[in-house]
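Colleague: Questions regarding the structure given below will be posed in turn.
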Amino acid sequence: MESRVIFADDELKKAFGDLKSEDERLYKEIKEALGKIKQNAFFGRNVKKKLIPKELIQKYEIDNLWIYNLRKDWRLLYTITNNEVEVLAIVLEWMNHKDYEKLFKFG
C-alpha cells in the first residue's frame, strides 16, 4: 500500500537534511528506507502494542510502531496513520542500536 512519508516534526526533518553532510552513508540509507516505506508503509517490522515504549506513546500519541533496520547498528522508527484520503508513514526517530536497546529495555 503506497503512502506519503512525513517527519514527526520540523526539527527531525532538519536533522535528516543535516545528515547529508554529517553522515552521508546514514543519510543515504534512511533515504532508501523512506523510498521503500513510501511504496509500502508496512515494509518494516511491526512492534506488538504492549511492547511499544511508553515514552514514544506519550511523546507522539501513537498506537502503532514500525521498525526498519538500517545498517547493523541503526534503526528507523515510524508509525502509520491515515486521514481517510491517504496513508501516512510518520518518521519518529532514528537511533543507534545502543539507544534502541535502552528505549526497548533490552539487556
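The values are calculated or read from the model by the stated rules, or taken from the named source; none is laboratory data. Just so it is clear, the structure is predicted and the values come from calculations on it, not from any experiment. Glycine gets a Cβ as well: all are built from the backbone with ideal geometry, and neighbour counts include every protein chain shown. Surface areas here come from the heavy atoms of the whole protein model, side chains and all, with no ligands, DNA or RNA. Shrake-Rupley method; radii C 1.70, N 1.55, O 1.52, S 1.80 Å.
Colleague: Pull up region 58-80, narrow it to residues that are part of a strand (DSSP E or B) and among the hydroxyl-bearing types (Ser, Thr, Tyr), then point me to the one that is most open to solvent (accessible area, probe 1.4 Å).
Modeller: Here the answer is Tyr68.
Colleague: Suppose we filter Lys48, Lys102 for residues that are at pLDDT 95 or above and of a type in the set (Lys, Arg); which single one remains?
Modeller: On inspection, the qualifying residue turns out to be Lys48.
Colleague: With the requirement that a residue be closer than 19 Å to Lys50 by Cα and open to solvent by less than 30 Å² (accessible area, probe 1.4 Å), what does region 81-103 give you?
Modeller: Leu92, Tyr100, Leu103
Colleague: Let me ask another. Kindly indicate the residue of region 9-44 that is of a type in the set (A, V, I, L, M) and touching a residue at least 40 places away in the same chain (Cβ under 8 Å) and also farthest from Thr81 (Cα to Cα) among those meeting that condition.
Modeller: Checked region 9-44; the qualifying residue farthest from Thr81 (Cα to Cα) is Leu26.
Colleague: Then there is this: What's the total number of residues in region 7-52 that are open to solvent by 50 Å² or more (accessible area, probe 1.4 Å), of a type in the set (A, V, I, L, M, F, W, C) and not in a helix (DSSP H, G or I)?
Modeller: 0
Colleague: Got a sec? Which of Ala33, Ala41 is under 12 Å from the mean Cα position of the chain (by Cα), under 14 Å from Leu76 (Cβ atoms) and either at pLDDT below 95 or of a type in the set (Asp, Glu) (or both)?
Modeller: After applying the criteria, what remains is Ala41.
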